[in-house]
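Step one of this worksheet: look at the structure below.
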């Protein structure tokens with residue numbers, strides 16, 4: 001690959017398969033930028049991430065992620081903090097990073113915007129969140145880290161083999177709702193002790209997760225800060241009624257919900273697996289910091 005090459009990472013199953021019909025036109029329109037455009041090959045998430053790292057190491061100027069937040073998450077690991085331009089074509093069931101950073105939500109409009117930005121050589125600096133676990137491994141995320149009830153549900157759903165599709169997640173919610181209990185969290189916000197007992201925790205660079213749930217309304221991925229939300233213990237009925245409010249972002253008016261803005265967050269609770277951009281990260285504790293302008297976004 002040469003310095004002007006554009007590498008494309010695509011998830012053919014994104015958006016429940018609708019990307020397959022779009023991908024040829026996406027590649028054709030990207031080709032209009034006047035640079036060589038190449039598809040990266042990968043048979044799994046791990047291979048996809050390795051392909052992105054390899055492309056960047058070989059010197060590509062641009063990496064484009066075509067898919068949902070999971071595909072974006074894989075690509076971000078290779079471009080974060082590097083002088084590589086990054087484009088997002090939102091084509092998944094969840095496109096929260098794209099929505100939070102002003103990317104056009106129509107896949108072909110987003111493709112055209114990337115091609116135009118490449119022709120004029122312009123990009124926008126966008127913040128990312130940098131995570132470090134107990135093993136010292138560094139991971140990056142663009143949207144939201146979940147470390148409360150929502151993360152517990154994700155972990156349960158990932159262990160289930162039946163049913164398939166959205167019903168599996170619904171069943172996981174029902175099963176975990178029956179086991180709902182508050183957790184004791186050690187939480188440090190910019191060095192200040194904010195430990196609490198509760199059921200919801202989110203640390204975000206953008207405002208939404210889960211395909212438009214505005215868990216952190218008003219979060220700005222260009223302000224150099226992370227947004228943090230914690231919720232004191234809720235009953236099962238109250239938690240079940242919370243989802244419609246998450247769509248509107250009005251849950252933050254509840255007296256049991258507390259929000260912060262911070263440059264650095266340390267978080268720990270026993271038996272919690274963190275999920276960022278919808279991807280499994282690993283067990284708490286995690287240290288999260290905002291890295292201003294960590295990615296050069298094309299839009």
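The values are calculated or read from the model by the stated rules, or taken from the named source; none is laboratory data. In this text the structure is predicted, and so the values were computed from the model without any measurement. Every residue, glycine among them, receives a Cβ derived from its backbone with ideal geometry; neighbour counts consider all protein chains shown.
Restricting to segment 253-264, name every residue that is out of contact with any helix residue (DSSP H, G or I) (no Cβ under 7 Å at 6 or more places or on another chain) and either exposed (fewer than 13 other Cβ atoms within 10 Å of the Cβ) or modelled with pLDDT of 95 or more (or both).
Step one: list which residues in segment 253-264 are out of contact with any helix residue (DSSP H, G or I) (no Cβ under 7 Å at 6 or more places or on another chain), which gives 253-256, 258, 260-264.
Across segment 253-264, the qualifying residues are 253, 255, 258, 260, 261, 262, 263, 264.
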- [ ] Scan segment 57-77 for residues that are surrounded by fewer than 24 Cβ atoms within 10 Å (Cβ to Cβ) and closer than 14 Å to residue 141 by Cα and report the count.
- [x] 2
- [ ] Say whether the condition of being surrounded by fewer than 17 Cβ atoms within 10 Å (Cβ to Cβ) and either more than 17 Å from the chain's Cα centre (by Cα) or under 18 Å from residue 215 (Cα atoms) (or both) is met by at least one residue in segment 138-154.
- [x] no
Task: Test for residue 233: is it part of a loop (DSSP other than H, G, I, E, B), assigned by TED's automatic domain parsing to the domain that holds residue 185 and either surrounded by 18 or more Cβ atoms within 10 Å (Cβ to Cβ) or without any contact (Cβ under 8 Å) to a residue 60 or more places away in the chain (or both) - done: yes
Open item on the list: Need the failing condition index for residue 218 against (1) crowded, with 17+ Cβ neighbours inside 10 Å; (2) free of Cβ contacts under 8 Å to residues at least 40 places away in the same chain, just the number.
Closed with: (1)
Task: segment 84-95: number of residues that are surrounded by fewer than 24 Cβ atoms within 10 Å (Cβ to Cβ) and at pLDDT 95 or above - done: 2
